[in-house]
Amino acid sequence: MPKFKNLEISKDLSNDNRISVKNTLFGFFSTAIYVPTGSKIIAKRIEYSQEDGGKLERALNGDAESHLHLFSNIGKLKEAHLGNFLLEICYSADHEFVAMRLFRFSQMIYQPATEVCIFEGGDATKVIDCII
């Protein structure tokens, strides 16, 4: 499991006032906390096939009102080894917060396919259930 500060998405979330990052032991270790609930942030990278990654890309690139409708129609996504898509996801242990960004493998590197998407409360729980 990657560390929060090793994800590209962490650069965007470090400036978010909902997230508090605390460094310990001379900066070698860090812990990210979702401030409203005090819950620890869990960071993951998940690879997806072309098919599942495409579904996720459409859901994340949709307008704000259609995100949850699209996620409810996706169902459970399956992790793939050596997938065409890479999802960086940070979610709180209590499932009240989730932030994610999808990358597509192109020209021998993963390039951003979506902007950072953030969900809170019950919406976050629904999104996490599709992915984790």
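Bear in mind these aren't lab numbers, they're just calculated from the coordinates by the rules spelled out. Predicted model only: the values in this text are computed from it and were never measured. With ideal geometry, Cβ positions are generated from the backbone for all residues, glycine too; neighbour counts draw on all protein chains shown.
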(request) Taking the Cβ of L7 as the centre, find all other residues whose Cβ is under 10 Å away and add up their charges (Lys, Arg: +1; Asp, Glu: -1). (result) +3
(request) Go ahead and collect, in residue order, the members of the range 32-56 whose backbone nitrogen is under 19 Å from a label point 7 Å along the Cα-Cβ direction of H81. (result) 45-53
(request) Using Cα pairs closer than 8 Å and at least 6 residues apart in sequence, work out the relative contact order for the range 41-131, in percent. (result) 32 percent
(message) Distance cut-off 21 Å, Cα to Cα: go down the list K40/K126; K22/K76; K22/K44 and report the pairs above it.
(response) K22/K76
(request) Divide by every residue of the chain the summed helix terms, -39500 (n - 2.57) for each DSSP H run of at least 4, and state the resulting mean residue ellipticity at 222 nm, rounded to the nearest 500 deg cm²/dmol. (result) -7500 deg cm²/dmol
(message) For the chain, compute Rg over Rh where Rg is the Cα radius of gyration and Rh is the Kirkwood radius from the inverse mean 1/r over Cα pairs.
(response) 0.96
